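Notes for the one structure printed next.
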Amino acid sequence: MSNNINRSLIGNILKSIRVEKNIPMKKIASALKVSESTVSQIETGKNSATKEKINEICHVCGCSFDYKTDRKKMIDLVLYIYTQYSNLSTDEMNSTIEEVKSNSFISCSYVRFEYYLILYMDGIINQNNEDVQLFKRILEIGKSSFSNKELSIYYDIKALEKMYLNDSIKA
């Protein structure tokens, strides 16, 4: 992964955590003793964040960053769950989703957006709509880090959501 993509991914992850926790940028800037502009540049990937800064931002947000989760494996898991859905293997798909959901610590890692893509699929496919809007907000922040396959899955599930809402023209 190139340095720019890595900076962008980390920035998107940090922004989505801050947005999810409803923490103002000013609070992050104050804790890091930097300007809001600097925080914004980290969140947009224009500036890179050291591990120390990532950890400080996460600490302010009430979580800790997991550096160990393998992004490739999680991307493969997203594709596997989607294949199960496509093949109508509902029981197997739900079992795999439940396994992922039991590892919520990965929501603050390099695979944050893949984790939320799985939660979004679960919410739409199984019509558990309680947090779907939150999942979509987080995914909109991070969709630029998706592979083409992940992006296709995201838009397919968005279309399915529109169909469930009887808005088949937009779907």
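Since every read-out is calculated from the coordinates, none of them should be taken as a lab result. Here the structure is a predicted model, which means the values were calculated and not measured. Glycine gets a Cβ as well: all are built from the backbone with ideal geometry, and neighbour counts include every protein chain shown.
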Could you tell me the distance between the Cα centroids of region 97-157 and region 42-71, to the nearest Å?
19
Partnerless cysteines (no other Cys beta carbon under 4.7 Å) identified across the chain are CYS58, CYS61
For GLN133, net neighbour charge (Lys/Arg +1, Asp/Glu -1) across residues whose Cβ lies under 11 Å away:
-2
Taking placed amide H atoms and a strict 5 Å upper bound, the residues 5 or more places from SER109 or on another chain that come that close are ASP66
Using the Kirkwood radius over Cα pairs, work out the Stokes-Einstein diffusion coefficient for region 71-164 at 37 °C and 0.692 mPa s, in µm²/s as a whole number.
252
With 10 Å bins from 0: P(r) over region 1-137, alpha-carbon pairs, percent
12, 40, 30, 15, 3, 0
Within the chain, which is the longest segment that contains none of the trypsin sites (Lys or Arg not before Pro) sitting in a DSSP loop with at most 10 other Cβ atoms within 10 Å?
69-169
To the nearest 10 degrees, how steeply does helix 132-142 sit against the main Cα axis of the chain, on a 0 to 90 scale?
60
Percent relative contact order for region 3-60, counting Cα pairs under 8 Å at least six residues apart, stands at 46
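Could you give the length gained on full extension between ASP156 and ARG71, defined as 0.36 nm per residue of separation minus the Cα-Cα distance, in nm?
Extra length available between ASP156 and ARG71 comes to 28.4 nm.
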Phi to ³J(HN,Hα) by Karplus 6.51 cos²θ - 1.76 cosθ + 1.60 over region 30-42, Hz, x for Gly, Pro
4, 5, 8, 6, 9, 7, 4, 4, 5, 4, 4, 5, 5
Quick one: helix 112-125 against the long Cα principal axis of the chain, what's the angle to the nearest 10°, folded into 0 to 90?
30
